[in-house]
Amino acid sequence: MTIPMRLFDLHCDTLTELHDRNACWEKNDLQLQANDIAKLDSYCQVFAVFSPNSMTSDEAWTRYRSCVDRLLPAVRTALGTHGKAILSVENATLLDGHPELLDRLTEDGVRILTPLWGGDNALGGAHDTEHGLTPFGADIVRACLTTGITPDVSHASDEAFWEIASLCRDAGKPFIASHSDSRVVCPHTRNLTDAMFRAVRDAGGIVGINLYSPHLGGTENAKLTDAVDHILHFCRLDGEETVAFGCDLDGIPKPPEGFSGICDLFGLAELLHKRGLSQRTVENIFFGNAFRFAERNGWL
């Protein structure tokens, strides 16, 4: 089965890696390559700005400003009319003590906020903890829902996940898991239980399949084809209009076996079709589901 080469990817760390390596978009050795993107018919990419917990909020803000002011314009110029760059913030330590900066993020075009990453920060506990949101974290999630920023539960603890889900339900707003796999297929705390997936689905959100090997297959040696099992499992949960890709490129030490560039993803289309998915569903997983969510929620 041949499908159009259209991809909407919900998460990469390429912008942050460019910053940390003092590299430029036009020439680098990162996992996401401009030459591969040029082969696609249409492309939308969410670029995350990540800051570790070890940074102060002021350091994280300086890092964020460098990515957005120095690097993002070059990426958008290079993509031209061929692609669309959408901005997100991952591990929102830059807001610690400065909730007013959320308005600045909105003005910059940030459309997704991933409050947590690992351990604890000022907003709450990540997947490797049993801590929920702090009062400050809950206030930030509420504020996101009034400014047009979509909360992202990837990396959240189970407790924080359900608190974010409840806040979004009370506000009548969707939330997403930008780069999370199935915990049934691979029992990692970074992955979603079936109940979690249904909660995202029922809120009108989307879930991006993550290519990090330990989340795909439980080891460092997963294969790209392992992503098929996660996609099919979510589809069996009435998730055919919820599943997308959130590859996490340049945020993973190495991609799975069988992946040398984003065009390799399209090799999964035939496998998905052979295992029972229609062409329309496959096209939606690669592009349509995320694109329609983006249109509905003011990302584009």
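Of the residues ASP36, ASP9, ASP20, the single one that is in contact with a strand residue (DSSP E or B) (Cβ under 6 Å, 6 or more places away or on another chain) and among the acidic types (Asp, Glu) is ASP9.
Results for (1) of a type in the set (Asp, Glu); (2) within 21 Å of PRO99 (Cα to Cα); (3) more than 18 Å from the chain's Cα centre (by Cα), shown as yes or no for each residue.
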site: THR147; (1), (2), (3): no, yes, yes
site: HIS179; (1), (2), (3): no, no, no
site: VAL184; (1), (2), (3): no, no, yes
site: SER213; (1), (2), (3): no, no, no
site: THR219; (1), (2), (3): no, no, yes
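Would you please name the residue that is nearest to ALA195 (Cα to Cα), looking only at residues in the range 242-280 that are in contact with an Asp or Glu (Cβ under 6 Å, 6 or more places away or on another chain) and open to solvent by 10 Å² or more (accessible area, probe 1.4 Å)? Explain how you work it out, then say what you get.
First pass over the range 242-280, keeping only residues in contact with an Asp or Glu (Cβ under 6 Å, 6 or more places away or on another chain): 245, 247, 250-251, 261-263.
If we keep only those that are open to solvent by 10 Å² or more (accessible area, probe 1.4 Å) too, we end up with 250-251, 263.
On the way: ASP250: 29, GLY251: 26, CYS263: 32 Å.
The selected residue is GLY251.
Taken over the range 141-174, the residue count meeting the criterion of being among the hydrophobic types (A, V, I, L, M, F, W, C) and either outside any helix (DSSP H, G or I) or touching a His at 6+ places or on another chain (Cβ under 8 Å) (or both) is 4. Note on the range 81-104: residues that are in contact with a helix residue (DSSP H, G or I) (Cβ under 8 Å, 6 or more places away or on another chain), in a strand (DSSP E or B) and of a type in the set (Gly, Ala, Ser) amount to 2.
Can you tell me which residue within the range 105-132, out of those that are assigned to a strand (DSSP E or B) and within 21 Å of THR56 (Cβ to Cβ), is most open to solvent (accessible area, probe 1.4 Å)?
Only one residue fits best here, namely ASP120.
Among the residues of the range 1-34, those that are of a type in the set (A, V, I, L, M), under 22 Å from the mean Cα position of the chain (by Cα) and not in a strand (DSSP E or B) comprise MET5, LEU15, LEU18, LEU30, LEU32, ALA34. Among the residues making up the range 1-30, those that are under 16 Å from LEU79 (Cα atoms) and surrounded by fewer than 16 Cβ atoms within 10 Å (Cβ to Cβ) are CYS24, GLU26, LYS27. Of all residues in the range 139-197, those satisfying the criterion of being open to solvent by 50 Å² or more (accessible area, probe 1.4 Å), in contact with an Asp or Glu (Cβ under 7 Å, 6 or more places away or on another chain) and closer than 16 Å to GLY118 by Cβ are GLU159, THR189.
Yes or no, residue by residue, for (1) open to solvent by 40 Å² or more (accessible area, probe 1.4 Å); (2) basic (Lys, Arg); (3) in contact (Cβ under 8 Å) with a residue 60 or more places away in the chain:
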{"position": "LEU32", "(1), (2), (3)": "no, no, yes"}
{"position": "SER54", "(1), (2), (3)": "yes, no, no"}
{"position": "THR62", "(1), (2), (3)": "yes, no, no"}
{"position": "SER66", "(1), (2), (3)": "no, no, no"}
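The values are calculated or read from the model by the stated rules, or taken from the named source; none is laboratory data. None of the values given here were measured: they were computed from a predicted structure. Note that each Cβ is placed from the backbone with ideal geometry, even for glycine, and that neighbours are counted across all protein chains shown. Please note that ligands, DNA and RNA were not included when accessible areas were found on the heavy atoms of the full protein model with its side chains. Shrake-Rupley method; radii C 1.70, N 1.55, O 1.52, S 1.80 Å.
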